[in-house]
Structures are given as C-alpha cells and as structure tokens.
Amino acid sequence: MLHHLSAELVQTLCRGSSLEIYTQTLKLKDPEKYSQFVVAKCTCPVRNNCKHCAAALFFLQAPENQPSILAALDVPEPTPVPAPAIEHKPSLPERVVDYFPLPRLALASVEYSAYEPRNGRMQRHLKHRDALALKYGP
Ligand SMILES: [Zn+2]
C-alpha cells in the first residue's frame, strides 16, 4: 500500500507474516551518479533491503498500480488511508438454556527458549494459559 510519494522518497506500508504493519522508506537517487540508487529501509527486524522493501518495489513496478501512483503524484499532501472495513460476523440465533452449565477450568504453564533477533541471544519465555469451558446438557 502506498503511503507517501515524492520524486525522491517513497513510503509504503506492508503487512508482515506476523500480521504486523511495517513501513518501508525507499530513497531514490540519480542512477547516473549512484550505483546503489535505491536505498530501502524498513521498520521490520531486518531493517534494510528486506522482503517488504522488495514487495514495495514490485508494487511500484506493477502496471495495474500505475494509475493510483500517478494520481498520488498529483496530490500535494498524502491522502488519508481509509480504515479497513470491519468484518461483521453473522450473529447466531439465541438459545434458551434451562439447565446450569458445568464449568471446567484448565490451567497450564509452558516454558521454552527462543531465539531473540533483537539481541542475537536465546531468551527464556514463560507463558501461563487458562481455559474455561462450559459443559451444557445433562
Ligand atoms: Zn521489512
């Protein structure tokens, strides 16, 4: 998704595989003067020349995106990004329950180690989970 566009700076938004939204900043330089004429930075843990930056370049290159990119160049201020439509789930029909539900509470803890890319070390994690289930019926 195009976020900001000018002659030498492009900002795009890309959703990562962890559903987090990252911002890519692409600085475009004169290809006659610089061998590395695209400087691509991203807010993801990789930070430079990542897959999100590659996706941004593919997005800018795709012919079907050209009309919206050219339209963005004519507008002096970046247009506000419309909020994504909220998906409404179909409501379930109400049921009258004439018996008392039986609660079942389950508690569990899990301890594990995982690689932390921000400091390059293994980090210990401890997570606690609870689950409440209700048994209906006789
Ligand atoms: Zn990235």
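The values are calculated or read from the model by the stated rules, or taken from the named source; none is laboratory data. Keep in mind the model is a prediction, meaning the values are calculated, not measured. Counting neighbours? That spans all protein chains shown, and the Cβs are built from the backbone with ideal geometry, glycine included.
Based on this model, can you work out whether A72 counts as surrounded by 10 or more Cβ atoms within 10 Å (Cβ to Cβ), modelled with pLDDT under 80 and in a helix (DSSP H, G or I)? So A72 fits the description; yes.
For residues that are among the charged types (D, E, K, R) and either away from the ligand (no atom under 12 Å from the Cβ) or in a strand (DSSP E or B) (or both), tally how many sit in segment 38-61.
Just the residues of segment 38-61 that are among the charged types (D, E, K, R), to begin with: 41, 47, 51.
Cutting the leftovers down to either away from the ligand (no atom under 12 Å from the Cβ) or in a strand (DSSP E or B) (or both) gives us 41.
The qualifying residues number 1.
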